[in-house]
Amino acid sequence: MLTFVILAQLTSIIGWLLLIYSYYKEDIDKLLYIQIISSVFYCFSYLFLGAFSGFLVCFIELIKGIGYYKTDKDNLIFLISLPIYIIMGIFSYNQIYSLLPIIGSIIDGFSLTKNKTVATVGGIVSNLLWVIYDVIILAYASAITDSVLVVSNISLLLFGYSMILKSNK
């Protein structure tokens, strides 16, 4: 059991590093590509923890991300995902907190159909909901990394993408 907990924390940290890196990409396609890879690591993290809602949401996020990346049908993919989220919410409902990742992913999915700034704001709201979920299910590494994502995205909004990207060169 301890091995799975350690693996969950490690895969969460790798997914987090990739997710933070994705928001620093100016091109939405590059952002999506890196988020697809990040989603794979997050899927494993929640699978290792036995967190069914978290795993399902991450898996759907992975599929959606691939759809967003491979097509220009972002709005259609988002609309198709809505009934899937509703069904997922019905079947994976455990407590009210089990709906938080679903709500967060709906917000994130909607924001990814828009521009970079809206995607960043959606990422903030989505990650705040995930922080709450992670704390409740004892996924502390994910809660910490999601909190850092919130701070990182807020800094992108406050200081601007170009200023931060220039300082990284």
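The values are calculated or read from the model by the stated rules, or taken from the named source; none is laboratory data. Source: prediction; values computed, not measured. Cβ placement follows ideal geometry from the backbone for every residue including glycine, while neighbour counts extend to all protein chains displayed. For accessibility, only protein heavy atoms count, side chains too; no ligands or nucleic acids. Shrake-Rupley method; radii C 1.70, N 1.55, O 1.52, S 1.80 Å.
Probing with 1.4 Å while keeping every protein chain in the model, the per residue accessible area of the chain equals 52 Å². The peptide list 63-73, 146-156, put in order of mean Cβ contacts within 10 Å with the highest first, becomes 146-156, 63-73. Net length available on complete extension from Ser155 to Ile63 is 30.3 nm, with 0.36 nm assigned per residue and the Cα-Cα distance removed. Take Tyr97, project a point 7 Å from its Cα along the Cβ direction, then tell me which residues of the range 24-47 have their backbone nitrogen under 19 Å from it. Residues 45-47 fall inside that zone. The accessible surface of the chain, taken with every protein chain in place and a 1.4 Å probe, is 75 percent carbon and sulfur. Modelled spin-label separation between Ile37 and Phe4, with each label point placed 7 Å from Cα along the Cα-to-Cβ direction: 2.8 nm.
Dimensions of the range 1-71 along the principal axes, based on C-alpha atoms and rounded to the nearest Å, stand at 40, 21, 12, largest first.
Averaged over residues, the count of other Cβ atoms within 10 Å places the peptides 76-89, 107-120 in the sequence 107-120, 76-89, highest first.
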